[in-house]
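The structure appears right after this line, and notes come after that.
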Number of protein chains: 2
Amino acid sequence: MKVDGKPTRTIELDADGWGVSVIDQTRLPERYERVVLRDVEDAARAIRTMIVRGAPLIGVTAAYGIALAMRADATDASLARAFDKLVATRPTAVNLRWAATRARDALRDVPPSMRAERAYDLASAMAEEDVDACRRIGEAGARLLREVWERGGTREPLRVLTHCNAGWLATVDWGTALAPLYRLHDDGVPLHVWVDETRPRNQGYLTAWELEKHGVPCTVIADNAGGLLMRRGEVDACIVGSDRTVRNGDVCNKIGTYLKALAAHDCGVPFYVALPSSTLDLATASGDDIPIEERAASEFGDRLPGRVHNPAFDVTPARLVTALVTERGVVHPREESLARAFPELALQ
Amino acid sequence: MKVDGKPTRTIELDADGWGVSVIDQTRLPERYERVVLRDVEDAARAIRTMIVRGAPLIGVTAAYGIALAMRADATDASLARAFDKLVATRPTAVNLRWAATRARDALRDVPPSMRAERAYDLASAMAEEDVDACRRIGEAGARLLREVWERGGTREPLRVLTHCNAGWLATVDWGTALAPLYRLHDDGVPLHVWVDETRPRNQGYLTAWELEKHGVPCTVIADNAGGLLMRRGEVDACIVGSDRTVRNGDVCNKIGTYLKALAAHDCGVPFYVALPSSTLDLATASGDDIPIEERAASEFGDRLPGRVHNPAFDVTPARLVTALVTERGVVHPREESLARAFPELALQ
């Protein structure tokens, strides 16, 4: 998507041909700055401290992290260390492990002398796959949302609520939840996006930043406000991303998603979840089995009010999800539908 | 309740016998400071800028505001101006208007020379009534919550979630939602309180401050987190206050209350609303008829992320409320029950 008119990606090779340039998302929305990751430790730190964040982007960053490790030391021991270091950074997003495992397994039978090049090729391919998946998610989601807009009569802008940041900043480009909105906007459908602030880290400010940079009208609201807006009929649809979606269709996403899904259900507002298949975990039966990352109290900011509990994700039961939007189209959030759409991921 | 061991009220006469001393709640939790209101303009500003906040406390502050106006100028015109100025400060809390109307009507037939004294007496009586109502709410709510704790086996602390600040800071003393918790704590029941941060103004920091000052264990959580905690079985009951409760039992309270009530309903957690009858508005039929105050974007803080929409309250439908806790005991949130418990407020 565009930053100041210029098409931009969240992660790409630096001009030197081997460093990995990423947007420092801890500086946004105040400052747009890129930093270059030069070893696997940089990559792990970038994921852990959320310089890069968003399930798809941390997967691609992990793949580049393996490449950086192989450039420095292409032994089996180095590969194992890099893998362990990267997957330990964040426990909830399943595609971090998926991407790191894919890179490790692809390199195992490759002679050390060829591993670095192969790892860079793989990371680059995974980045392109992510862009392609997000573009397809955008097309499928745009069809769904256009139907909602047309049912409403098309006289007013389509009003969509989103939580956290599942935009292009959370992926390589396009985003997941925001990809359909960029598609619709580029196709000329008038939009207005309600952006949840998303405490405690305020990822909503990233969402507002990227929507505004691309020219999509939006308004930030407190996480508390979405229920009122839905009761008043001021939201036509909700769309969010997912850090992990499991076999029964339960969706793990940023803390607070469940509350918005409850309100959408109570108010008859469709609740869509956009996800690339890299975030599917069909080996896990139910959302209750997903480990929930606990993050530092310092995320609440300087006015730290005594003791804090800070779980980063929650689980939205499949019954509250209207549809999953994937790179293979719209999928009903049920085991049979997921297995049909993604047979290669289903348990045998 | 206690601050550093000393029993304290939110509002009282200053040592000079006529200024009105209040806690500056915009300084909390960083600093505990009192300010003295010396004219009706001070009182209106204190309400508008939330130096004082909480439905019961702003009612009593309005009554003292009328007294300050009468001290300066006891004419009919001054009384009418003071009334108009005070009720214009905040539109949602019904007991601001209730208290100002009560003071104005009580003074109408009083000779101007006696109005100031009468107005001070009335404000002082309203403060005592509020303390008494909150104490009774505490007793009724403590009985309810003790039953929840005993059903759970009493081996673990009772875990209660609250939203916003409906503690003694929001009243003259005791609080509404927190009164039952102070009662239980003082009676030796072990407690742990989950305190919603309550964006955008972070009134949860006030709640954590006052609970800690009184020695009640508590933990602040993001507004987004309560749903997860309830799904995990980590909340035994929710209790909140109310800015206005109407004839059909719908509850208007701080923005975000509705989302917590939805989660409690979905997870089988009892959801209690504690309120003095001064916040009852049985002349209004349904929560949908309540005007919702829109507050300034600046409440989001310094990192203002572009355009902001900031409604301060939402409406929780009566069907999601387990029980209302009032100074006359527990009341079912239905028109018939409210009319039976408060016949003098019911429409004829």
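The values are calculated or read from the model by the stated rules, or taken from the named source; none is laboratory data. Predicted, not measured: the structure shown is a model, and the values here were computed from it. A quick note on method: Cβ atoms are made from the backbone with ideal geometry, for glycine too, and the neighbour counts reach across all protein chains shown. Surface areas here come from the heavy atoms of the whole protein model, side chains and all, with no ligands, DNA or RNA. Shrake-Rupley method; radii C 1.70, N 1.55, O 1.52, S 1.80 Å.
Take the Cβ atoms of B:Glu293 and B:Asp4, set R0 to 30 Å, and the FRET efficiency comes out at 0.35. The amide H of B:Val251, built 1.01 Å from its N in the peptide plane, has B:Thr316, B:Ala318 as neighbours under 5 Å, considering only residues 5 or more places off or on other chains.
With its label point put 7 Å out from Cα toward Cβ, A:Thr75 sits 9.5 nm from the same residue's point in the other copies, in order from shortest.
Taking the label point 7 Å along Cα→Cβ, B:Ser286 and its counterparts in the other copies are spaced 3.7 nm apart, in ascending order.
Put the Cα centre of region A:167-227 next to the Cα centre of region B:89-122 and the gap is 48 Å.
Here region A:13-31 and region A:267-333 have alpha carbon centers that stand 26 Å from each other. Test of understanding: in a Gaussian network model of chain B with alpha carbons linked when under 10 Å, which of B:His265, B:His309, B:His192 would top the mean-square fluctuation ranking? Of the options given, B:His309 has the highest mean-square fluctuation. Each chain gives up part of its surface: B and A jointly bury about 4200 Å² of accessible area, both sides summed, for a 1.4 Å probe. Starting from the Cα gyration tensor of region A:47-141, take the square roots of the eigenvalues, sort them a ≥ b ≥ c, and report rounded, prolate or oblate (rounded when a/c is under 1.5, otherwise prolate if a/b is larger than b/c, else oblate). Verdict is oblate for region A:47-141.
Can you pull the mean other chain C-beta count within 10 Å for peptide B:210-223? Could you put the intermediate results ahead of the total?
Numbers: counts 0, 1, 3, 0, 0, 0, 0, 1, 3, 7, 10, 9, 15, 10.
Mean number of neighbouring Cβ atoms from other chains: 4.
Under 15 Å from a label point set 7 Å out along the Cα-to-Cβ vector of A:Glu156, the amide N atoms of region A:222-251 belong to A:228-238.
Based on the Cβ-Cβ distance from B:Arg340 to B:Glu147, what FRET efficiency comes out when R0 is 22 Å, to the nearest 0.05?
On the way: r = 22 Å, r/R0 = 1.01.
Taking R0 as 22 Å, the efficiency between B:Arg340 and B:Glu147 is 0.50.
Go through region B:232-257 and flag every residue whose accessible area shrinks by 10 Å² or more with all protein chains in place compared to the isolated chain (probe 1.4 Å). Residues shielded by partner chains are B:Arg232, B:Ile255, B:Gly256. Helix content alone sets the calculated 222 nm mean residue ellipticity of chain B: runs of n ≥ 4 DSSP H residues at -39500 (n - 2.57) each, divided across all residues, give -12500 deg cm²/dmol. Ligands, DNA and RNA left out, the 1.4 Å accessible surface of the protein assembly as shown is 48% carbon and sulfur atoms. Take A:Gly152, move 7 Å from Cα toward the beta carbon, and the resulting point lies 4.1 nm from the same point in each other copy, nearest first.
Remind me, relative contact order of chain A in percent, using alpha carbon pairs under 8 angstrom and six or more residues apart? Kindly include the intermediate steps, with their values, before the conclusion.
Details: 718 pairs, mean separation 55.7, N = 348.
For chain A, the relative contact order is 16 percent.
Using a probe of 1.4 angstrom and keeping all protein chains present, the accessible surface of chain B works out to 36 square angstrom per residue. Simple point charges give the picture: +1 on the Cβ of Lys and Arg, -1 on the Cβ of Asp and Glu, and for the protein assembly as shown a dipole about the Cα centre of about 160 debye.
How shielded is B:197-207 by partner chains, expressed as the average number of their Cβ atoms within 10 Å of its Cβ atoms?
Values: counts 8, 2, 9, 8, 1, 5, 0, 1, 5, 1, 1.
Taking all residues of B:197-207 together, the mean is 4.
DSSP assigns beta bridges within region A:217-348; of those with both partners inside it, close to 55 percent run antiparallel.
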